[in-house]
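*Asks:* One structure, pasted below without further comment.
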Amino acid sequence: VSGDNSLYGPRDPGIHILDRGTVNAALYNSSSAWLLEFYSSWCGHCINYAPTWRNLAADVQDWHPAVKIGVLNCADEDNIAICKDYGVQFYPTFRFFSAFTKEFSQGENYKDSDRRVQTVRHGIIDYLQAAPKEHQPSAYPSLDPLRLSDISFFIGRKESHYTAIIFESENSYIGREVIMDLMQYENILVHRALSSDKAVLETLGIVSVPSCYLIYPNGTHGLINIVKPLRSIFSSHLKSMPSVRKKAGAHSDLPARLEDKEEVAWKEYDKSKMYAADLESGLHYLLRVELATHQTLEGEKLKTFKDFIAILHKLFPGRMHVMKLLETLQEWLVSMPLDKIPYDAILDIVNNKMRISGIFLTNHIQWVGCQGSRPQLRGYPCSLWKLFHSLTVQGATQPETLANTAYESDPQAVLKIMRRYIREFFGCRECAQHFEEMAKASVDTVKTADEAVLWLWKKHNMVNNRLAGAPSEDPKSPKVQWPSPDLCPPCHEEVGGVHSWNEREVLAFLQQHYGSKDLSLQYAD
Ligand code: FAD
């Protein structure tokens, strides 16, 4: 298994893979604008969206002197500080960066919720056109429509090159796209003109728009006859004119990447077991990566974090050194009457505790039961599910641990904190929205701690059902209704010939599976 968890590779056409070593240099004072996807390789929506982003990058790769398409993986621990600098907390986040910036900028969000290739392409054009003069890319062709006087200037004129004029309505993007498509081609200049002046259209014999009018180098001119007035057809027609060719050296200058990641060996594991390594790796990622993208915690975020640590401190089924760390953190938070805490102060506590003092949390990832057959699959979201299932089970099987706390008589305590954590911090935004909808619809029906365990199990199965067959599904760990019959035969029954869960058995199974007694320490360091 390769350790490189990127969703994009160096062979993806038009994609610039940036990382902590290259991103600032690439964006600073760049001669082109940039559109960057900050993603997280474990985020299912990023995995599902990657083919679209790849298509977009390939589609506009000829535009690269004016705009480059980049990606940066915020799930890569090396990039944590950089994603924090750019203020990226949710994935995927799309940002424009203008050309010729003289100081650090966090960029401008691409806000449209429609992220299909064509919509994003139009968004790029709008962004370029709105850029102030000093931030226009150096290789930026004019996208403004020709004036009437310019059109008559071109018609019949002998030049050393072809001149193409796309006539179209004002809100059509085709002309601008074809101009961008041909920007790196020599012996041709492309312009657009608006179809509002009927007299000009009549003179040139244009009966429908968009149409492309071509003036040959020898001055002859006429309409191009093509089957369908589409951007791709106009562009490929113009690119194939005699003597029209791509300028020499018109290649994309890709920044060098940091060194490749080491291979990670596959670890054999038992699906019926829970591994401390998964829970601890997940906690490490949560505290040092997911939350570390926040400069400060305040308001609802701070409250959620405090409650989350308080419940972890009571219910995390961890080893002594981890529990001591959670206790230290919990005590520190309680002793801090501040309404705003810099996250670095929290990181100091998480990081400064030494092995030798018996208070520490692993500082690297070691997925076992959450291993993916490819490095971008499974991992963190898997460990987060396991964490919250474990907390609901501990809450139900050891209610005494919550005695004398604010959560004592609240059977929904863990679920409420989970809901708030997912809402405030979980990097996969669309996952969070889905989860919020499920919680809103039914979490209030939970009346006992056992029902909380079963509620989460059911909701997780609903998610499994929705994601079965999605690109984020690991073929080695298919999204099945869980626990499958091989893991828990008595959980499955048939009533009237139809599958039915025996919920009493499911509860017993979950209590055993997620209970602290059987936690395997294999691979845990
Ligand atoms: P996971 O679904 O992560 O499960 C981890 C482990 O939990 C399994 O290996 C199994 O041992 C156990 N398990 C499985 N089902 C159950 C169950 N019903 N009850 C108890 N234990 C179970 N991804 C998206 O693409 N879209 C989303 O909308 C989305 N929403 C999410 C919401 C939340 C709150 C979380 C934590 C994750 C979400 N994800 C979403 C990620 C997705 O659910 C998976 O976590 C991810 O695809 C990794 O899958 P996996 O194969 O490791 O199994």
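The values are calculated or read from the model by the stated rules, or taken from the named source; none is laboratory data. No experiment lies behind these values; they were computed from the predicted model shown. Every residue, glycine among them, receives a Cβ derived from its backbone with ideal geometry; neighbour counts consider all protein chains shown. Heads up: the accessible areas ignore ligands, DNA and RNA and are worked out on the full protein's heavy atoms, side chains in. Shrake-Rupley method; radii C 1.70, N 1.55, O 1.52, S 1.80 Å.
*Asks:* Can you list the residues, at least 5 places off or on another chain, whose amide H is less than 5 Å from the amide H of Val67, using H built in the peptide plane?
*Replies:* Sorted by chain and number, the residues that satisfy this are Ala33.
*Asks:* Still on this model: Can you give me the % of accessible surface on the chain that is carbon or sulfur? Probe 1.4 Å, all protein chains present, nothing else counted.
*Replies:* 52 percent
*Asks:* While we're looking at this one, here's another question. How large is ³J(HN,Hα) for each residue in region 145-156, as worked out from phi by the Karplus curve 6.51 cos²θ - 1.76 cosθ + 1.60 (θ = phi - 60°), to whole Hz, x for Gly and Pro?
*Replies:* x, 5, 7, 3, 5, 5, 4, 5, 5, 6, 4, x
*Asks:* To the nearest 20 debye, what is the magnitude of the charge dipole of the chain about its Cα centre, counting +1 on the Cβ of each Lys and Arg and -1 on the Cβ of each Asp and Glu?
*Replies:* With only Lys, Arg, Asp and Glu charged at Cβ, the dipole is about 820 debye.
*Asks:* Remind me, what semi-axes does the chain give for its equivalent ellipsoid, largest first in whole Å, using sqrt of 5 times each Cα gyration tensor eigenvalue?
*Replies:* Each semi-axis is the square root of five times an eigenvalue, giving 55, 25, 20 Å.
*Asks:* How much accessible surface does His237 have with a 1.4 Å probe, in Å² rounded to 10?
*Replies:* Result for His237: roughly 60 Å² accessible.
*Asks:* Moving on to the next point. Going down the list Lys314/Lys459; Lys303/Lys479; Lys68/Lys102; Lys198/Lys246, which pairs span over 29 Å between their C-alpha atoms?
*Replies:* Those over the limit are Lys303/Lys479; Lys198/Lys246.
*Asks:* Normalised by the residues of region 10-99, what does the relative contact order come to in percent, with Cα pairs under 8 Å and at least six apart?
*Replies:* Computed over region 10-99, the figure is 49 percent.
*Asks:* Would you work out if region 97-199 is rounded, prolate or oblate? Take a ≥ b ≥ c from the square roots of the eigenvalues of the alpha-carbon gyration tensor; rounded if a/c is under 1.5, else prolate when a/b is larger than b/c, oblate otherwise.
*Replies:* Because a/c hits 1.5 or more and a/b exceeds b/c, region 97-199 counts as prolate.
*Asks:* Here's another thing I want to ask about it. About the Cα centre of region 1-150, what is the dipole size in debye to 20, counting +1 per Lys and Arg Cβ and -1 per Asp and Glu Cβ, all else neutral?
*Replies:* So the magnitude is around 160 debye.
*Asks:* Let me ask something else about it. Could you work out the relative contact order of region 392-523, using alpha carbon pairs under 8 angstrom and six or more residues apart, expressed as a whole percent?
*Replies:* 23 percent
*Asks:* Cys382: accessible area at probe 1.4 Å, nearest 10 Å²?
*Replies:* Ignoring ligands and nucleic acids, Cys382 comes out at about 20 Å².
*Asks:* Whenever you get a sec, line up Lys476, Lys459 from highest to lowest accessible area (probe 1.4 Å, protein heavy atoms).
*Replies:* I get Lys476, Lys459, largest accessible area first.
*Asks:* Follow-up question, since we're still on this one. Along the charge dipole of region 8-78, pointing to its positive end and built from +1/-1 on Cβ of Lys, Arg, Asp and Glu, which listed residue (Ser32, Thr52, Asn73) has its Cα farthest out?
*Replies:* Of the listed residues, the answer is Ser32.
*Asks:* Pick out, from Phe509, Leu487, Phe426, the residue whose Cα sits farthest towards the positive end of the charge dipole of region 399-525, with +1 on the Cβ of Lys and Arg and -1 on the Cβ of Asp and Glu.
*Replies:* With unit charges placed on the Cβ atoms, the residue in question is Phe426.
*Asks:* Next up: Would you please put 14-27, 396-409, 216-229 in order of how densely packed they are, using the mean number of other Cβ atoms within 10 angstrom per residue and starting with the highest?
*Replies:* Answer by packing, highest mean first, reads 14-27, 396-409, 216-229.
*Asks:* Something else now. Which whole-Hz couplings ³J(HN,Hα) result when phi for each residue of region 323-333 is put into the Karplus expression 6.51 cos²θ - 1.76 cosθ + 1.60, θ = phi - 60°, listed in order with x for Gly and Pro?
*Replies:* For region 323-333, the Karplus-derived couplings read 4, 5, 5, 5, 5, 4, 5, 4, 5, 5, 5 Hz, x marking Gly and Pro.
*Asks:* OK, next. Give me, ordered by chain and number, the residues 5 or more places off Cys428 or on other chains with an amide H under 5 Å from its own placed amide H.
*Replies:* Residues meeting the criterion, in which the H sits 1.01 Å from N, are Tyr91.
*Asks:* Here's something else I'd like to know. Go through Ser98, Ser208 and list them by solvent-accessible area, largest first, probe radius 1.4 Å.
*Replies:* Ranked from most to least accessible, the order is Ser208, Ser98.
*Asks:* Continuing with the same structure: Which value, in debye to the nearest 20, gives the size of the charge dipole of region 330-380 about its Cα centre, when Lys and Arg are +1 and Asp and Glu are -1 at the Cβ?
*Replies:* Roughly 340 debye, rounded to the nearest 20.
*Asks:* I would also like to ask the following. Using a 1.4 angstrom probe on the protein heavy atoms only, could you order Tyr523, Tyr343 from most to least accessible area?
*Replies:* Sorted by accessible area, descending: Tyr523, Tyr343.
*Asks:* May I pose another question? I'd like to know which of Leu333, Ile311, Val368 lies farthest towards the positive end of the charge dipole of region 281-397, counting +1 on Cβ of Lys and Arg and -1 on Cβ of Asp and Glu.
*Replies:* The listed residue farthest towards the positive side: Val368.
*Asks:* For the chain, what does the helix formula give at 222 nm: sum of -39500 (n - 2.57) over DSSP H segments with n ≥ 4, over the residue count, nearest 500 deg cm²/dmol?
*Replies:* My calculation for the chain gives -12000 deg cm²/dmol from helical runs alone.
*Asks:* Still on this structure: Please give the peptides 506-512, 6-12 ranked by average Cβ packing (other Cβ atoms within 10 Å per residue), highest first, as a rough proxy for protection.
*Replies:* 506-512, 6-12
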